Structures are given as structure tokens and as C-alpha cells.
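The values are calculated or read from the model by the stated rules, or taken from the named source; none is laboratory data. Quick caveat: nothing in here was measured; it's all calculated off a predicted structure. Neighbour counts are summed over all protein chains in view; Cβ atoms, including those assigned to glycine, are modelled from backbone coordinates with ideal geometry. Surface areas here come from the heavy atoms of the whole protein model, side chains and all, with no ligands, DNA or RNA. Shrake-Rupley method; radii C 1.70, N 1.55, O 1.52, S 1.80 Å.
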Amino acid sequence: MAYTIWQNLDQVERYAQRRYRYLDQRLINDREQAMVERMFRRHRLGGRILDAPVGYGRFQPLLNSFGDVYSLDFNYFAALYQQARLGLTSGAVNGEAGALPFRDNIFDVVFSFRLLQHMHETDERMAIYREFRRVSRKWIIASYYQRTRTHQLFRRISPKQSRITMLSGRQFEDEVQAAGLSMVANLAVIPGLHAHRIALLSAE
């Protein structure tokens, strides 16, 4: 796994301020926010929502418009940041997505953004899918990076190799089905140009 290890609240704050400061990244953020909002509205999602991992809380304002949001992050200061600086979450805990400290079927929606690309082993991802299914009454929104010809070519010519794990569409679908989930939607953030995808999964 590859993560930013924040060691205090100010580090989380600085990251939040600079992460999407450039135009191209702001456009990606705007696109992702709009897609998530449409997904919630189209499928009438809402209620008790788990944001895991919450990071610096990029989606907290949007998610809060659809229900009561609870936050989880493996980084203690990311979880603390939600309470101390944002104040939007109904509860924030420090924990692992693959071993969630919640009882079964407690959430209406589990929301997980930009986590799976940091999981380099199938077993890691499977543990996460199964935990999301366990705590969700029905809905899971999860993003992942899908391998494309464009990105395969870029990786061959780029001197800087990314540690992001990219899955084929078939591999992702096979994994979530093996965890007992069904695919409802699978959308590209920017078709043909960006590998990031947002999937809506059903635990029923």
C-alpha cells in the first residue's frame, strides 16, 4: 500500500489546500463530484453513509447533503481532522477498511474513493469488498483505476513509474462478484483520457 502518512492536523490541512490547486486537478475534482452527486440522485441513495477512507474530507460536504455521514481512515489525524477542523461528520474513527469496526448492515451506503488503487494484492481488495458488503444494507460506491491502452503506453514511455494498481474491467467485476456484490453502474471519469472509474455496487 502507498499512502500519505500525516503526522499532525496541520499536515492534513496543507494537503487539503494544495491537492486540487491546479486547473487540471480542479476539473477532475469537479467532474468526480458531479458524477457522485448524479449517482446519489439517480438511484435515490442516502441515509446513514460511511466515507472510508475519508482522507481530508473532500466529499464530506456533498455526502452530508444526502444523509448522516460517518468517517473512517487508517490515519489517526485524518479521522481527527474531520471532527476538529471540518465538523461535518456524525462520527470519525481510526481503522482499516479491510477490518471495519462496525456491526453488520449498519450503513445504507458505503462510499470509498481512491482507495483500491493503493491495494496491490487481490487478497487486500477482497477483504475490503467483503467488509463493505458486511456493513452495508445495500449500496456501495467504490472507485478504481482501470487499465487502458493509453495508460499502458504512458507507463512504458514515462521515466517515473506510478505505484497505482490498475485493474482490467473484467478483473474488477470478477473480484466484486466473488465478494457477493453485483455491478449496477461503472462509469469513466473522463472516457478515453483518465483511468479513474466510479462503480455503484449492490450488496443485495
Using a 1.4 Å probe over the heavy atoms of the protein chains, calculate the carbon and sulfur portion of the accessible area of the chain as a whole percent.
49
Per residue, how large is the accessible surface of the stretch 1-151? Use a 1.4 angstrom probe and give square angstrom.
49
Which net charge results for the neighbourhood of residue 165, defined as the other residues with beta-carbon distances under 11 angstrom from its beta-carbon, given Lys and Arg at +1 and Asp and Glu at -1?
+1
Provide the net charge surrounding residue 73, with neighbours chosen by a C-beta distance below 14 Å and charges set as Lys +1, Arg +1, Asp -1, Glu -1.
+1
Can you pull the one-decimal nm distance between simple spin-label points at residue 126 and residue 85, each 7 Å off the Cα toward Cβ?
3.7
Most fluctuating residue given options 72, 62, 23, as computed from a GNM of the chain linking Cα atoms under 10 Å:
23
For the chain, rounded, prolate or oblate, judged on the Cα gyration tensor with a ≥ b ≥ c (square roots of eigenvalues), a/c < 1.5 rounded, else prolate if a/b > b/c?
rounded
Sorting 148, 165 on solvent-accessible surface, 1.4 Å probe, most exposed first, gives 148, 165
Go through 13-20, 178-185, 113-120 and give me the packing order, highest mean Cβ count within 10 Å leading.
113-120, 178-185, 13-20
Treat each spin label as a single point 7 Å out from the Cα along the C-beta direction, and report the residue 48 to residue 9 distance in nm.
2.7
In percent, how large is the relative contact order of the chain, given Cα pairs closer than 8 Å and 6 or more residues apart?
17
Summed side-chain charge close to residue 117 - residues other than residue 117 whose Cβ falls under 13 Å, Lys, Arg +1, Asp, Glu -1:
+3
Here the gain from full extension of residue 186 to residue 65, 0.36 nm per residue of separation minus their alpha-carbon distance, amounts to 41.3 nm
Most mobile listed residue (134, 41, 21) in the chain, GNM with C-alpha springs under 10 Å:
21
